[in-house]
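Enquirer: This is the structure, below, for whatever I ask next.
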Amino acid sequence: MAHRLEIDGVRRVFPGRAFGGPSVVALHGLSLTLDGARPEIVAVVGESGSGKSTLAQIALGLDDPSAGTVRFDGTSLGRMDEGGRVRFRRAVQAVLQDPFSSFNPFYRVEHAAILALVRFGLAPDRRAARSILADACEAVGLNPADTLGRFPHELSGGQRQRLMVARAMAMRPAVLVADEPVSMVDASLRATILAHLAAMRDAQGVSIIYVTHDLTTAYQVADRLIVLYRGHVVETGTPEEVLKAPAHPYTRLLVDSVPWPDLARPWGRVPKVADGAPVADGCPFRGRCPDATAVCARMPGPAVLSPTRTVRCHLHRSPPA
Amino acid sequence: MIAAIAGRFAMLVLVVWMAASVNFLIPRLADRNPVAERLAQVAAQGGSLSGIDEMVKSYEARFGLDRPLWQQYLGYLGDLARFDLGYSISNYPMRVADQIALALPWTIGLLGTATLVAFAVGSILGALAGWRRGPALARLVLPAFMVLSAIPFYLVGLVFVYVFAYRLEWFPTGGGYTLGSEPTLTVGFVLDLVGHALLPAFSIVIASIGFWALAMRSMMVTIEGEDYVLFAEAKGLKGWRLFWTYGVRNALLPQVTTLALALGKVVTGAVLVEMVFGYPGLGNLLFESVKLNDYFTIYGCVIVLVLTVAVTMLLLDLIVPLLDPRARRRAS
Amino acid sequence: MTGVAVRRGAVRIGITGVRRYLARNPSLAWGLALAAGLVLFMAGGSLAWDTTLAEPLSAPVARPPSWAHPFGTDTQGRDLLAVMIVGTRLTLKIGMIAGGIGVLVGAAVGFTAAYAGGRIDAAIRTLTDVLLTVPALLFLIVVASSLKGEITSTTMGLMIAALSWMAPARQIRAQALVLRGAPYVVMARLGGMRGTEIVLREMLPNLLPFLMASFVLALAQAILASVGLEALGLGAQDEPTLGMTVYWMMSYSAFVRGFWWWIAAPIVALCLVFVALYLVTAGLDEIANPRLKRRVVA
């Protein structure tokens, strides 16, 4: 059965410190639907502080939205019964950023995965779980004999991260949240790991939320792109659309900052405005935006540029229907 | 900032209130009548205590033992707010507050001086031991002082009393000044005061140098690795100037924070030192009161000591950000 | 065959590894050696020496050290060697009760605060901070003077335990907060684990060195408090703990009468106990807080 994860108008506010510190809005109403019937990789791109990791936490059910809902197969996470929660837990898995601390240093590397496989009924016993995990290891190019049964510190970062992917595969999730899965891995291994993620989408029908600050890898694997800036979705679209013709000034800045391997392509043409003062409301980028005008004091609604493409900037308006 | 200060004050009030409540509740849980005990004790010795009836009356009026507990409690807190700690049982009709007022200057004088000396000596020793180019001697004696810092002050004091006062007779065996001498502001009396304070102060200093030195050393080691020290060196600064203005100056302020944290330990340690030397401060008053079951004086001493510790901690907490820009930034 | 050989090899590596580690951590090595010496003294002493001599009136009065009484005797007619054997044991017993309960309760409170968060956390934090501001000894003086005459070494341990949980609770809360966000704990949650199970199965094993250090520190603090109380005369009146020996020695004017052996015995024993615990704490700290390790090496 195809599962469906709906993130609907989610807002997350972190309250300030006890005595009147300012509260921080990490997400301003974000919606995103992943439909198991059409598995896809959605890249969420943004700099640190954009709210992308908060989104990952909320999608995983590790953090609760301040407003809005997350629904799994139509039921809000907050209203789920015990059985529903276990089904959700099983179906939404993660690959985290740091391969070094993703394993409990006290146990052998397979500890957590085997426990989870048995607990979720994916394997009748530990032995079966181990063989499932071993198969998954082979799928990501790890020799199970060299990997399983070792302690985390005996493996390299790349081996550990591939093992995390293997664990994710073994769990057969409906949705995988990959939170910066390759940012701490050697460049030579990045493509391999991303290819394994793409293979999960194609072979297992897993929908993937790929959280990254790196436009180039997003371009390689994603079917859809969401650009976040200080908690706002400033632009969405297919990677082709967004990267070839970035619509939002922030996206333009991002694309322009990528050192493309094409030497003929000039780099750093977009005028940069040094970090402006953080702005209380309106378009959050206007302090750094070369095109900022008085209208930016109000955040415009999304302009729909094509069936797949939206942007929130006063420079763009939805074409008349 | 103001909110932070308000928070600290609220903390102080909470601390004192809790100490007061313990003082109120525990004796009632133990279900003792200290005055009756004292009477029995006096009767057993065949003596009679002048004004005993008066005392019993004032005791009962004070606690209003027929009133409900919460009324007694509120009354007690009210008295405390006015620093009315009741009467001493063993020295009736002396008031506890007066006894404490007599003892407190001794404690503050001894403890203040000893702590300042230990702080200065320990910090310098630790700084020298932590500085790569410091003298080897500093690194050599540091472990000895660290081990000494594990030993409570009063045990060191016991050894000192025996060796220097009873055996060698270099120092008086106890007290704050020679009995019978007239407390006047003469050179002779001041020398007498210092002579009596030296041994107790020395036992506190010896046993706490290591504590300061250790904290200072690790701070210095950290600072020596900082880029700004490397930069100052590259600029051509060297030797003592680098040590004092770049090393010690930056390492010293966190020491004040350490003092705030260690205060309780220092105060309780000093209380026991006074007991060993019969030094006429709060600690000795406490010890004597314990011996004589003088409960009101015990509770009074405890509440005053708690108040002293809490207020000093508050002051240090408020002063550090004024001196240290790093802490100022953290606080805001 | 080979299995046994391999295992033996592993044991040998383990032993040399420990030895090599101790060489790098001399304070732990010295501390453990001292502690082992004390245990040996207690255990060996209980076997080889007649500890009933620690009772009053069981030996001649106020004798300096001799073959019959190697540590001398006090004015109550106790053999001081026997008193030291029994006293060290009693003093450690008080510390163990207080330190053990302190760390267990502290761990429970600390984990609860870290996991519950919000108001519960704020309440627990305020309570521990308030209680930590007041030197434990002062509270204990109030309690002990109200119970004077009814105190045994066990109740002394329990009394101190009531004030020994705050420091561990605070430290463990801080550690648990760090670990709660650790990616491997997140992975455990994604694997279907819940609160208590995560604490026991994922966090606790990694906190063992830390808990150990916490325990030894709490033990040292508890002994410090108990000896302080006893020296004030607020201890078990008929049990020869080390602190009570100090109290009796002071009350019966050992100084004026020049009974140096009576002064020396409890002071030396207490110094050894405190130094051993200090060194072990410092050594364990180096294991539990690697940040400190770097500082020392740098």
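Enquirer: Residues in region A:44-67, backbone N under 12 Å from the label point at C:Glu197 (7 Å along the Cα-to-beta-carbon vector): list them, ranges by number please.
Expert: Answer for region A:44-67: none.
Enquirer: If you average 1/r over all unlike Cα pairs in the protein assembly as shown and invert the result, what Kirkwood radius do you get in angstrom? If you can, show how the numbers build up before the last one.
Expert: On the way: mean 1/r = 0.0303 Å⁻¹.
Computed over Cα pairs of the protein assembly as shown, the Kirkwood hydrodynamic radius comes out at 33.0 Å.
Enquirer: Based on alpha-carbon positions alone, could you give the equivalent ellipsoid semi-axes of region A:179-259 from the gyration tensor, as √(5λ), descending, whole Å? Walk me through the numbers on the way to the answer.
Expert: Numbers: eigenvalues 100, 44, 26 Å².
That gives 22, 15, 11 Å for the three semi-axes.
Enquirer: For a Förster distance of 56 Å, can you work out the FRET efficiency between the beta-carbons of B:Ile5 and A:Ser131, rounded to the nearest 0.05? Kindly include the intermediate steps, with their values, before the conclusion.
Expert: Working: r = 63 Å, r/R0 = 1.12.
Given R0 = 56 Å and the Cβ-Cβ separation, E is 0.35.
Enquirer: Also, quick follow-up: I need the per residue convex hull volume for chain B, using only the alpha carbons, in cubic angstrom as a whole number. If you can, show how the numbers build up before the last one.
Expert: Values: hull volume 60.4 nm³, N = 332.
Once divided by residue count, the hull of chain B is 182 Å³.
Enquirer: Follow-up. Step through the residues of region B:255-266 one at a time and calculate ³J(HN,Hα) from phi using the Karplus curve (6.51 cos²θ - 1.76 cosθ + 1.60, θ = phi - 60°), rounding each to whole Hz and writing x for Gly and Pro.
Expert: Couplings: 4, 4, 4, 4, 4, 4, 6, 8, 4, x, 4, 4 Hz.
Enquirer: Hey, any idea what Rg/Rh is for region C:18-162, computing Rh the Kirkwood way over Cα pairs?
Expert: The Rg/Rh ratio comes out at 1.12.
Enquirer: Right, next: Using bins 20 angstrom wide from zero, how does P(r) for chain A break down, in % of all Cα pairs?
Expert: 30, 55, 14, 0
Enquirer: With equal scatterers on the alpha carbons only and no solvent term, can you work out the Debye log10 of I(q)/I(0) for chain C at 0.09, 0.11, 0.15 1/Å?
Expert: Once normalised to I(0) and log-transformed, intensities are -0.57, -0.79, -1.17.
Enquirer: Under the rule of at least 5 residues apart or a separate chain, name every residue whose amide H is placed under 5 Å from the amide H of A:Gly9.
Expert: Distant-sequence amide H within range of A:Gly9: A:Leu30, A:Ser31, A:Leu32.
Enquirer: Which one, B:Ala97, B:Trp240, B:Gly188, projects farthest toward the positive side of the charge dipole computed for chain B from Cβ point charges (K/R +1, D/E -1)?
Expert: Positive-end residue among those listed: B:Trp240.
Enquirer: Under 5 Å between amide H atoms, partner at least 5 residues away or on a different chain: which partners does A:Gly231 have, H built in plane at 1.01 Å?
Expert: Long-range HN contacts for A:Gly231: A:Gly51.
Enquirer: To continue, here is another question. Which of the listed residues, A:Leu30, A:Ile193, A:Ala145, is farthest toward the dipole's positive end in region A:4-244, when Lys, Arg count +1 and Asp, Glu count -1 at the beta-carbon?
Expert: Most positive-ward Cα: A:Ala145.
Enquirer: May I ask which residue of C:Leu53, C:Pro65, C:Asn206 lies farthest towards the positive end of the charge dipole of the protein assembly as shown, with charges of +1 (Lys, Arg) and -1 (Asp, Glu) on Cβ and the Cα centre as origin?
Expert: Most positive-ward Cα: C:Asn206.
Enquirer: Next question. Can you tell me the dipole magnitude for region A:4-244 around its Cα centre, using point charges on the Cβ only (Lys, Arg +1; Asp, Glu -1), in Debye to the nearest 20?
Expert: Numbers: 27 positive and 26 negative charges, 127 e Å.
The dipole of region A:4-244 has a size of about 600 debye.
Enquirer: Can you give the accessible area of A:Met299 in Å² (nearest 10), computed on protein heavy atoms with a 1.4 Å probe?
Expert: 30
Enquirer: While we're looking at this one, here's another question. So how tilted is helix A:126-139 from the main axis of chain A? Cα-based, degrees 0 to 90, rounded to 10.
Expert: Result, in degrees: 50.
Enquirer: Using the Cα centre of the protein assembly as shown as the reference point, and only Cβ charges (+1 on K/R, -1 on D/E), how large is the resulting charge dipole? Debye, rounded to the nearest 20. Before the final figure, lay out the partial values.
Expert: Working: 85 positive and 66 negative charges, 545 e Å.
For this selection, approximately 2620 debye.
Enquirer: Determine the equivalent ellipsoid of region B:64-118 by diagonalising the alpha-carbon gyration tensor, then write out the semi-axes as square roots of 5 times the eigenvalues, largest first, rounded to whole Å.
Expert: Numbers: eigenvalues 208, 44, 12 Å².
Calculated on Cα positions only, the semi-axes equal 32, 15, 8 Å.
Enquirer: While we're here: State which helices in chain C qualify, where a helix is a whole DSSP H run, it must extend 30 Å or more along its own axis by its Cα atoms, and its mean Kyte-Doolittle hydropathy must be at least -0.5. The partial results should precede the final answer.
Expert: Numbers: long enough: C:2-24 (32 Å, 0.16); C:26-48 (31 Å, 1.60); C:80-116 (52 Å, 1.69); C:204-231 (39 Å, 1.64); C:260-288 (41 Å, 1.78).
Going by DSSP H runs, the hits are C:2-24, C:26-48, C:80-116, C:204-231, C:260-288.
Enquirer: Which whole number of Å³ per residue matches the convex hull of the alpha-carbon atoms in region B:106-294? Don't jump to the answer; show the numbers that get you there.
Expert: Values: hull volume 26.7 nm³, N = 189.
Considering the Cα atoms of region B:106-294, their hull volume per residue is 141 Å³.
Enquirer: Compute the separation of the alpha-carbon centres of region C:138-203 and region B:103-161 and state it in Å as a whole number.
Expert: Answer, in whole Å: 32.
Enquirer: To the nearest 0.05, how large is the calculated FRET efficiency for C:Ala123 and C:Leu32 if R₀ is 41 Å and r is the Cβ-Cβ distance?
Expert: 0.55
Enquirer: Please report, in debye to the nearest 20, how large the charge dipole of region C:6-128 is about its Cα centre when each Lys and Arg carries +1 at its beta carbon and each Asp and Glu carries -1 there. Walk me through the intermediate numbers first.
Expert: Numbers: 12 positive and 5 negative charges, 174 e Å.
Once rounded to the nearest 20, the dipole reads 840 debye.
Enquirer: Round to the nearest 10 and give me the degree value, 0 to 90, for the angle of helix A:82-91's Cα axis relative to the longest principal axis of chain A.
Expert: Helix A:82-91 sits at roughly 80 degrees to that axis.
The values are calculated or read from the model by the stated rules, or taken from the named source; none is laboratory data. Note that the structure is a prediction, hence the values are computed from the model and not measured. Neighbour counts run over all protein chains shown; Cβ positions are idealised from the backbone, glycine included. Ligands, DNA and RNA are stripped out before the accessible areas are found, and what is left, the full protein with its side chains, is counted by its heavy atoms. Shrake-Rupley method; radii C 1.70, N 1.55, O 1.52, S 1.80 Å.
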